[in-house]
Ligand code: SF4
Ligand code: SF4
């Protein structure tokens with residue numbers, strides 16, 4: 001949501017995990033696309049920290065395999081203390097939760113590694129009402145991310161799947177076939193992540 005995106009850096013982890021450097025680059029491109037679109041629109045965003053009814057009402061958040069690796073890494077290796085335990089407990093009962101299992105005290109516990117879809121969903125003018133999905137209730141207030149950067153981020157995502165740079169990557173993105181790689185965040189089997197988080201003391 002920031003107008004001046006910065007690339008998060010985890011230098012030691014990025015050296016150890018080359019896929020993480022690629023993911024952070026993809027997220028940076030995504031953030032740039034969001035910032036450019038906000039600037040181009042000119043209206044004020046309603047989204048702000050502590051505003052999270054979208055994390056309850058949205059049940060169809062896509063997560064790409066590389067994003068899942070990032071979320072898993074962050075939850076297992078970076079989350080600490082109460083936030084770690086709250087997420088772990090929520091992952092165990094995520095099917096009955098009624099909101100995203102990473103929502104803790106109206107904030108995203110995995111914010112630096114949150115999926116591209118969460119980064120891109122922004123709403124102008126008025127805060128969403130409880131249960132509202134502005135995409136359906138007032139499409140005109142929903143940000144359209146910068147298409148060039150959105151496509152660039154998805155093309156980079158395909159690098160992780162061994163698709164070489166060039167026409168095939170472009171085709172998979174432009175036809176939307178790339179989306180077949182994604183799974184629904186709310187329908188994943190998060191119990192295995194909870195188990196991994198429980199394997200080390202916080
Ligand atoms: S999308 Fe709606 S609920 Fe989510 S942060 Fe923005 S204004 Fe708040
Ligand atoms: S991952 Fe974070 S931003 Fe996305 S729905 Fe869950 S709590 Fe909200």
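Ranked by the mean number of other Cβ atoms within 10 Å of their residues, highest first, the peptides 140-150, 25-35, 126-136 fall in the order 25-35, 140-150, 126-136.
Stretched out straight at 0.36 nm per residue, the stretch from residue 95 to residue 126 would grow longer than its current Cα-Cα span by 8.2 nm.
The spread of Cα positions in the range 1-87, taken along each principal axis and listed from longest to shortest, comes to 40, 28, 24 Å.
State the dimensionless ratio Rg/Rh of the chain (Rg: radius of gyration of Cα atoms; Rh: Kirkwood radius).
Working: Rg = 16.9 Å, Rh = 17.7 Å.
That ratio is 0.95, to two decimals.
State the dimensionless ratio Rg/Rh of the range 44-150 (Rg: radius of gyration of Cα atoms; Rh: Kirkwood radius).
On the way: Rg = 14.3 Å, Rh = 14.8 Å.
Dividing the radius of gyration by the Kirkwood radius yields 0.97.
For the range 87-202, what log10 I(q)/I(0) values come out of the Debye formula at q = 0.16, 0.17, 0.22 1/Å, with one point per alpha carbon and no solvent? For the requested q values the scattering log ratios are -1.00, -1.08, -1.26. Each 10 Å bin, from zero up to the one with the longest distance, holds this percent of the alpha carbon pairs of the range 102-165: 17, 37, 33, 12, 1. Extending 7 Å from the Cα toward the beta-carbon at both residue 165 and residue 4 defines two label points whose distance is 3.0 nm. Once you reduce the range 82-148 and the range 169-184 to the center of their Cα atoms, the two points are 22 Å from each other.
Each reported figure results from applying straightforward, stated rules to the coordinates on display, with no laboratory input. Since the structure is predicted, the reported quantities are computational estimates derived from the model, not experimental observations. Here Cβ is always computed from backbone atoms with ideal geometry, including for glycine, and neighbour counts include all displayed protein chains.
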